[in-house]
Amino acid sequence: MRNPFEGPKLFSPSFVDALRAYAPELLELRTAGGTVPEVPHGTTVAALRFADGVAMGGDRRATEGMNIAQRDIEKVFPADDFSAVAIAGAAGPAIEMVRLFQTELEHYEKIEGSPLSLEGKANKLGQMVRGNLPLAMQGLVVVPLFCGYDTRRQAGRIFRYDVTGGRWEDADFHATGSGGKDARGSLKKRWRGGMDGSSAVEVLVEALYDAADEDAATGGPDLVRGIFPVVATVTAEGYRRVPDDDLRKAAERLVAARAQGEG
Amino acid sequence: MSVPFYVPPEQLTKEKAEFARKGIARGRPLIVLEYTGGILFVAENPSTHLHKVAELYDRIAFCAVGRFSEFENLRQAGVRLADIRGYAYGREDVTSRSIANAYSQTLGQIFVQEFKPYEVELCVAEVGVDGAPNAMYHVVFDGNVFDRKGFLAMGGQSDELNAELQRAYDENLELDAALQLAMRVLPRVAPAGETGNSRLEVAVLERDRPRRSFRRLSQEDVESRAGEPAT
């Protein structure tokens, strides 16, 4: 690690650039030949827009091949006060990417005195995904989902990525990961324009339930252990994690409705 | 090749210090005050965008007086140091002591080696949590560091300000009372030819604020807390 006080002089507000200048060893991505052994993978994450902003959620399962690696992993994180990021794919590099992304946003805000635009944040994340391409080629794929409240447009926005760092905006909702397709199918039927925050949370819980119903790698609500999906909303008031108690109620209602043969 | 004149180090140091002191005294003053819920920063600053007080890390803030270009440079290096440390190790491993030490080393080196010393004085403050005391490191132009307690004034007529604060300061001040004290003291020692009615830049490190404890106070907030227009 070099001393930032001694130079080289840096004009960039980017934390990644600061690391490249002063601590490049922290950015190093060493790839070796051969195949990567089984590592934990995060599975299904989803996001949708509602009247006041966006809601984002993820199931709690991490799998290692055919095994369950973890039952209570978290895949949804605050990126900063007005945005959230969820990850699917190889859990190790994904969580490291989230940490780098969080520091990047905070660093920019401190150096410049004002935060990046939501568009700027989304692009920055795309660059980080692209930076992971060498690892992705070895099987350690990381595909995030990003959403936030655009304080300039006064609306929630959702961005999805592919493994090359390609970035697309989704107007209404999106889901990714192994159960992403099933969650999208559920969201397609249940999503309504202009719905309120509590319905958004219910729809999201249901989409993750449907994904767990079809996809072995996605975990459903675990009423025995009291493990529920992580759900957060981002509105003009900022990032807010939905309390476990609310999620328990939503999950219980859903399970009861399904037992009655509804939905 | 010309041989430079020999100048005794005592004289060189004295003249450099004199030069730096004069430069710093020309600027507008800044006050740091510990209050019951954290640390308050009040600076006379006509600009709304060129800040003298800024966030370094979760519980740590930076404030400086003197030449903007010089302390802005130091501020950015401090943010980089803090963020790299926090990323490489953990958020709790970033301390005001190590950052103040980096400032001290840098200013000391510049003072000795460069032709012109930096005309800046700065303070690295950290709000203590879980019963730990606050820390206030006052770093001056030649790299000397002073550990301050309670209050600190820098820039302008800082000696008079510190004397005034010494008389009026009380460690049980609430935020509003601390702000009122700073606002009462600051205009009394305005630089000659100025009315002392410059805009105030006000920020706090709030102990009870989770994670990032730095917050700027808006002009309206300052006015309502002070009970008078903060012109």
Q: Would you check if B:GLU72 is within 13 Å of another protein chain (Cβ to nearest Cβ) and without any contact (Cβ under 8 Å) to a residue 24 or more places away in the chain?
A: yes
**Q.** Tally of residues being free of Cβ contacts under 8 Å to residues at least 40 places away in the same chain and over 28 Å from A:PHE82 (Cβ atoms) across segment A:187-215
**A.** 4
Q | All strands (runs of 3 or more DSSP E) inside segment B:105-217 with 1 or more residues being free of Cβ contacts under 8 Å to residues at least 24 places away in the same chain and closer than 27 Å to B:ASP93 by Cα | A | B:135-139, B:145-148, B:214-216
Q) In segment B:7-35, what residues are at pLDDT below 95 and β-branched (Val, Ile, Thr)? A) B:VAL7, B:THR13, B:ILE24
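Pick from A:ALA183, A:ALA136, A:ALA122: which is more than 14 Å from every other protein chain (Cβ to nearest Cβ) and touching an Asp or Glu at 6+ places or on another chain (Cβ under 7 Å)?
Answer to the selection: A:ALA183.
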Q.
Can you tell me how many residues within segment B:87-108 are farther than 15 Å from B:GLU55 by Cα and either more than 11 Å from every other protein chain (Cβ to nearest Cβ) or of a type outside the set (A, V, I, L, M, F, W, C) (or both)?
A. 13
Q) Taking the stated definitions as given, is B:TYR87 within 14 Å of the chain's Cα centre (by Cα) and surrounded by 18 or more Cβ atoms within 10 Å (Cβ to Cβ)? A) no
Q. Which one is farthest from A:ASP222 (Cα to Cα), of the residues in segment A:194-207 that are buried (at least 22 other Cβ atoms within 10 Å of the Cβ) and touching a strand residue (DSSP E or B) at 6+ places or on another chain (Cβ under 6 Å)?
A. A:ALA200
**Q.** Condition met for B:ASP83 (among the acidic types (Asp, Glu), within 14 Å of chain A (Cβ to nearest Cβ) and either part of a helix (DSSP H, G or I) or touching a Gly at 6+ places or on another chain (Cβ under 6 Å) (or both))
**A.** yes
(Q) Take residues that are without any contact (Cβ under 8 Å) to a residue 40 or more places away in the chain, buried (at least 19 other Cβ atoms within 10 Å of the Cβ) and more than 12 Å from chain B (Cβ to nearest Cβ) and tell me which of the strands (runs of 3 or more DSSP E) falling wholly in segment A:1-102 contain 1 or more. (A) A:62-64, A:76-80
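Taking the stated definitions as given, is A:GLY220 within 15 Å of A:LYS75 (Cα to Cα), touching a strand residue (DSSP E or B) at 6+ places or on another chain (Cβ under 9 Å) and either touching a residue at least 12 places away in the same chain (Cβ under 8 Å) or of a type in the set (S, T, N, Q) (or both)?
So A:GLY220 fails the test.
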Q: Return the only residue of A:ARG240, A:ARG253 being farther than 16 Å from A:VAL45 by Cα and in contact with a strand residue (DSSP E or B) (Cβ under 7 Å, 6 or more places away or on another chain).
A: A:ARG240
Q. Can you tell me which residues in segment B:109-127 are more than 10 Å from chain A (Cβ to nearest Cβ) and polar (S, T, N, Q)?
A. B:GLN113
Q: Would you check if B:LEU161 is of a type in the set (A, V, I, L, M, F, W, C), under 27 Å from A:LYS110 (Cβ atoms) and modelled with pLDDT under 95?
A: no
Q.
Out of A:ARG152, A:ARG167, I need the residue that is more than 14 Å from chain B (Cβ to nearest Cβ), surrounded by fewer than 21 Cβ atoms within 10 Å (Cβ to Cβ), in contact with a strand residue (DSSP E or B) (Cβ under 7 Å, 6 or more places away or on another chain) and in contact (Cβ under 8 Å) with a residue 12 or more places away in the chain. Which one?
A. A:ARG167
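The values are calculated or read from the model by the stated rules, or taken from the named source; none is laboratory data. What you see is a predicted model, and the numbers here were worked out from it, not measured in a lab. Quick reminder, even Gly has a Cβ in these numbers, built from the backbone with ideal geometry, and neighbours come from all protein chains shown.
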